[in-house]
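Colleague: Here it is: the structure, laid out below.
The values are calculated or read from the model by the stated rules, or taken from the named source; none is laboratory data. Bear in mind that the values here come from a model prediction, so they are computed numbers and not experimental data. Glycine also receives a Cβ, built like all others from the backbone with ideal geometry; neighbour counts cover every protein chain displayed.
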Amino acid sequence: MADSNAVRSQRKRLHAAGDHGMCRPERCREAGRRLEPVVPAGSIDSVAELEHLARRLIAVTVADPVNTQAARALAEVLRALPPAQGEPDPVERLQQEVAAIKALHTPANVAAIRPAGRSDRHE
């Protein structure tokens, strides 16, 4: 049975993007060819690998800003990376910033900012 127009169209788009999973072996040399993963000998530097992945995902998100999958993956990779040497933990830094903002919102400071004659109460 012949493929539908939708299947042929999808195959063509995937082939053009470098994905040969739907290609027919008689029409594409790359069809059915499986790439063996290249694993370096010895131990793997997980931080270096995460940084490399982050750079690749940054390139994808710059090239295609509406690619939400790449943006989500980039956010997860960046969360997994440890903070750089000498930098505080991002969670601690955020907690410190929140504490500093809360310290500014004392009743006296809020009263000084609020225009005269206004209150927070809606009557």
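Colleague: For the subset of region 8-18 comprising residues that are closer than 20 Å to residue 60 by Cβ and surrounded by 13 or more Cβ atoms within 10 Å (Cβ to Cβ), which member is nearest to the chain's Cα centre (by Cα)?
Modeller: Per the criteria, the residue is 14.
Colleague: Here's something else I'd like to know. Would you please list the contacts, defined by Cβ atoms under 6 Å and residues six or more apart or on different chains, that run from a residue in region 48-68 that is assigned to a helix (DSSP H, G or I) to a residue that is surrounded by 10 or more Cβ atoms within 10 Å (Cβ to Cβ) and among the hydroxyl-bearing types (Ser, Thr, Tyr)?
Modeller: none
Colleague: Looking at region 70-98, which of its residues are of a type in the set (A, V, I, L, M, F, W, C) and either assigned to a helix (DSSP H, G or I) or surrounded by 12 or more Cβ atoms within 10 Å (Cβ to Cβ) (or both)?
Modeller: Scanning region 70-98 gives 70, 71, 73, 74, 75, 77, 78, 80, 81, 91, 94, 98.
Colleague: Restricting to region 106-123, what's the tally of residues that are surrounded by 10 or more Cβ atoms within 10 Å (Cβ to Cβ) and modelled with pLDDT of 70 or more?
Modeller: The number of residues fulfilling the criteria is 1.
Colleague: Which ones in region 1-42 are among the β-branched types (Val, Ile, Thr) and at pLDDT 80 or above?
Modeller: Hit for region 1-42 is 7, nothing else.
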